[in-house]
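Encoded as structure tokens, the structure appears first; notes follow it.
The values are calculated or read from the model by the stated rules, or taken from the named source; none is laboratory data. Predicted model, so just to flag it, every value in this text is computed and none were measured. Every residue, glycine as well, gets a Cβ built from its backbone with ideal geometry; the counts of neighbours run over all protein chains shown.
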Amino acid sequence: EKVAIEYLNLCDWDVEASIDYFYDTPVLVDDALLEELYNRYKGKLLFQFIAFSTYHPNIDMISVDGITLLCNDLEVDPQDIIMLVISWHMNASTMCEYSKMEFLQGLQELSVDTVEKFRDKISYIRSELNDENKFHDIYNFAFSWAKEKKKCHLLDHWCQFLQDMTNNQGRTVKFA
């Protein structure tokens, strides 16, 4: 409400102009606050609240426990679809993980540098599901995101099985 009044004042109480100004004017975020926010969630063990040791491969990642802590801070259920939309904003390459770059760029895109600002942005993020174009993008993101990565497809296994079986019987067969 305070932000709306501020933008209305800046635009002489012209509602359309203030809405346009709000969406067209990038809000700068504090890089130090972004870094602090990232460090709050990276490599966290939810129940112990300690960082993983330096040799842990996910040291510079926000993993499941860090995301769960983020959900608690945002007062959002981890299974809420809003987390999918947030992951879309982060352009997360792996489910239940945010790299440092993904997290920081996602928050910059959302103009968020504190938990409070992030929490205030939740209703806007949720409303993006009502935008047909964004919904389409989110759906495509979720579809490709949920596919198993770096795994052979069943067809590949089947072709290999058939090739092995026919080779064992003295026949030579090659599948593409």
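Quick notes on this one:
- Evaluating Phe47 against the criteria (1) at pLDDT 90 or above; (2) over 22 Å from Leu129 (Cα atoms); (3) assigned to a loop (DSSP other than H, G, I, E, B) leaves one unmet condition, (1).
- Residues located in segment 94-136, provided they are among the polar types (S, T, N, Q) and outside any loop (DSSP other than H, G, I, E, B): Ser99, Gln105, Gln108, Ser123, Ser127, Asn130, Asn133
- Taking first residues from segment 75-91 that are free of Cβ contacts under 8 Å to residues at least 12 places away in the same chain and partners that are among the basic types (Lys, Arg) and assigned to a helix (DSSP H, G or I), the Cβ contacts under 9 Å between residues at least 6 apart in sequence or on separate chains come to Asp80/Arg126.
- Long-range neighbours under 9 Å by Cβ, at least six apart or interchain, first residue more than 21 Å from Asp120 (Cα to Cα) within segment 1-19, second outside any helix (DSSP H, G or I): Ala17/Cys11
- Selection of segment 1-44 for residues being over 30 Å from Ser99 (Cα atoms), modelled with pLDDT of 80 or more and among the hydrophobic types (A, V, I, L, M, F, W, C) yields Ala4, Ile5, Leu8, Trp13, Val15, Ala17, Ile19.
- Extreme residue, surrounded by the fewest Cβ atoms within 10 Å (Cβ to Cβ), among residues of segment 62-80 that are in contact with an Asp or Glu (Cβ under 8 Å, 6 or more places away or on another chain) and of a type outside the set (Val, Ile, Thr): Cys71
- Per-region count, segment 82-127, residues farther than 27 Å from Lys147 by Cα and out of contact with any helix residue (DSSP H, G or I) (no Cβ under 8 Å at 6 or more places or on another chain): 5
- Evaluation of Glu109 against the conditions (1) out of contact with any His (no Cβ under 7 Å at 6 or more places or on another chain); (2) surrounded by 13 or more Cβ atoms within 10 Å (Cβ to Cβ) shows that the sole unmet condition is (1).
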